[in-house]
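Following: one structure in C-alpha cells, then a few remarks.
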C-alpha cells in the first residue's frame, strides 16, 4: 500500500505488538495502581493481589498454550514476528521483572503502610518475643501438626504429584550421612497467615503460615536432621482440551477434564529467594523445568492472600468510597418494568446504575401469568444466582424456559455444570453450547401474551448475568420491545437450540457468521468518506484488540485520514503514532476502581452516527470462534447519553494511560486540563440523576393548590 509515495507493508512485524507481551503490560498497569499513593492503602493491597491472580491465569493458559506449541514443533512466528519459543523467552524476561517489582511494592511500600495502620506482618521469626513464640508453638502442635502430611522421596517413594497452585514446603534431610528430599503441602483450607498476640496495645500482628511450618519442620521428620527448608509453589497447564465432535456427553467430558487440570504439565515454579541450591536443583529436575520457568520470590509466595487482608479494615479513608449503585435513570419512577420498556428503550449503565432491575425483571417474568416463555444465555453467573433461581421457578410454574449454559467458560466450568443440572431438574430446556464455539453473547428474551397480542421483551448486554461482578465491572445493557430486535433474538435462539441455518438478521449482527464482515465494512466505509474529503471518525471501547485483519483495516483507515480513538483496557497489539501508518490513531487504557468491561463502537458514517454495544472484543476468538452479538443504540435519548459518556472517557486524565509508538503507556499530564476520573464522574452522575428525580417528586407532592376562583367572602 502506498502513502505519500512511500510503500507501506502492513505485514511488517514492526507494526504490531505481541499479544502476550501486551497483556503483561496491562498487568503492569494494574501493578501501578498498587504503587499509586493516590489510591487508598487497602485498595493498593487489593490491586497487588489482583496482579498475582492475573499472572496465575496467564501462566496456566497463555504460557501453557505456547509450551504445547513448542512441544508440537510449531515454530511459525505471529504477526509481531515472534515464534512460540521467542515469545516464551520474552515473557520470561518481562515476567521476572514484574515479579521482582511486585515483591518490592509489597515489602518496601505496602508493609510499611500497613504498619502505620497498626497491622504488622512479621516475616522474620527473630523479631518475635518468647510469648509470641510460645503461642505459635501451641498453634502448630494443636492445629497444624495433626493435618500436615510429610512426604519423603526415595527409591520406593517417587516425587509426588503436587497440586496446581498449592503452597508446599521442600526440605533436605540427612540421616547417617545420606541426604533425602521431602515435601509438605500447606493445607489450602487454612488461612495463609496467623494472628498472634501483638507487642503493643492497639496493634494487630501476623506471621505467615509457611514460616510457621518451616520453623517447626523438624517435628515432622523425627530421626532426621533437617539441613534446609523452603516454600515453593507450582503452576500447571490448566487449559482444557476437549474433542467436542467425539464427546457423547459434553458435560461429562468437561467434568473429566476439570479433574485433569490439577495435574497438568508444570509451567512455572515459584520459590523463596533464599532457597538452598540443593532444593532448587531437585525441584528443577523433578519438574523438568528450565531456568526461565523458575521465579525466585522476594517475600511471601502467592500474594493472592492479600485479598483476605483487604477485608481486615473497615476504615473508610483506607478504601475507595463505598458506593451503592443507583436506580437506572430510565427506570426512575417506574414500578412495572414491562410497562416502562413499552414506553421507551431502557439504557442501563452498570455498576453506576444497579443491575438489580434486570434480576427483578426476570423474577417478575417467572411469576407473571402473562409470560409464556423465557430464553436466556448464561456465560458466568454468581455462586448463588437469583437469576438461576427465577428461571427454575418459571419452569416449575409451567413456562417454557430455554437456557444456554456455556460449559466451556474457562474456570467457571464446575459452577456452570452445577447450574445446568439444577435447571434441568426444574424442567428447563438446557443447551450446553455449540460444538466448536463458545456462546459469549448476553441476551434474554421474554415472550408475553398481552391484550394487543404476543410481545417480545429483550435484554441485550455487554456483560454477564452475574449479580456479583455487576457491582465492579463496567457494563452496559439495553431493554427494548423493538419488533425487529425481538424477531432477531427469536431467530438467534432458534439457531442456538436447533439446527436452523444462521438467520438473516435485521438489527443485530452475530458472530461468527457476520460480525467480522460487518466491522470491516464499517471501518472501510469511514476510510472511503475520508478519501472523499469528508469527516470520518471511529471511536471504539473494548477489552482487547489483537485481530490482525481488523488492525490492518484500522491502519488503512488511518492512512486515509480517519480519526480513530481507541479505549482498550487490556491487550492492544496495534501501535499508534507510527509515521505514515497510525498517526491518526490514539490508544488509551483505563484501569481504576472498576474493571472496564463494556464494548462500545461508534462510526461517524457521514453524519448519520452509528452507535453499537457488543459482547465482543476485536480478537480472533470473538470474531471466529464465539457466538457474539453487536446491537445498535437507536433511541436518541440513549445515543446522546452514551456519546456524552464516551466524551468523558476520552477526557479521563486520572486513570487513563496513553500508549506511545514505543509501546509504553504513559500517564497524562494534567496541567491545564480539567481533572476527570471517569469512573468517579459516572458515580456522581448516577447519584445526581437519582437526587434530582426524588427532589422534583417531593416538590410536586407539596405543590399548594392555588384557587383561581373569586373569593366568595370578599
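Computed quantities for the displayed model
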| quantity | calculated |
| --- | --- |
| Mean Cα-pair separation over length for the stretch 622-672, i.e. relative contact order, pairs under 8 Å, 6 or more apart, % | 20 |
| Dmax and Rg, reported as Rg then Dmax, of the stretch 511-696 (C-alpha, Å) | 16.9, 55 |
| For the stretch 1-84, alpha-carbon Rg over 2.2 N^0.38 Å | 1.54 |
| For q = 0.21, 0.27 Å⁻¹, Debye-computed log10 I/I(0) when each Cα of the stretch 82-138 counts as one equal scatterer | -0.86, -1.02 |
| Relative packing of peptides 589-600, 566-577, 654-665 - highest average C-beta neighbours within 10 Å first | 566-577, 589-600, 654-665 |
| Interatomic Cα distance distribution for the stretch 472-572, bins of 10 angstrom, percent | 13, 32, 32, 20, 2 |
| Fully extended contour minus Cα-Cα distance, from residue 605 to residue 316, at 0.36 nm per residue | 99.4 nm |
| Rounded D (µm²/s) - the stretch 585-670, Kirkwood Rh over Cα pairs, Stokes-Einstein at 25 °C, 0.890 mPa s | 164 |
| Overall Cα dimensions of the stretch 29-125 - principal axes, largest extent first, Å | 54, 33, 18 |
| Separation of alpha-carbon centers, the stretch 322-357 and the stretch 494-554, rounded to whole Å | 29 |
| Spherically averaged projected area of the stretch 63-186 from its Cα convex hull (nm²) | 13.7 |
| Tensor-based shape of the stretch 104-242 (alpha-carbon gyration tensor, a/c under 1.5 rounded, otherwise prolate or oblate) | oblate |
| Percentage, to the nearest whole number, of Cα pairs in the chain over 39 Å apart | 43 |
| Relative contact order [Cα under 8 Å, 6+ residues apart], the chain, whole percent | 11 |
| Separation of alpha-carbon centers, the stretch 89-147 and the stretch 587-614, rounded to whole Å | 42 |
| Residue 53-residue 126 pseudo-label distance in nm [points 7 Å out on the Cα-to-Cβ vector] | 3.6 |
| Kirkwood Rh, Cα atoms: Rg over Rh of the stretch 460-507 | 1.08 |
| In degrees, nearest ten, helix 386-396 long axis to first principal axis of the chain (Cα) | 60 |
| Value of Rg/Rh across the stretch 329-504 [Cα atoms, Kirkwood radius] | 0.93 |
| Convex hull of Cα atoms in the stretch 427-482, direction-averaged projection (nm²) | 6.1 |
| Debye equation applied to the C-alpha atoms of the stretch 291-355, log10 I(q)/I(0) at 0.19, 0.20 Å⁻¹ | -0.84, -0.88 |
| When the convex hull of its Cα atoms is projected in every direction, mean area for the stretch 13-318 (nm²) | 20.3 |
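Every number here is computed from the coordinates shown, using simple stated rules; none is lab data. Treat the numbers as computed from the prediction; the structure is a model and nothing was measured. Positions of Cβ are generated from backbone atoms using ideal geometry, with glycine treated the same way; all protein chains shown enter the neighbour counts.
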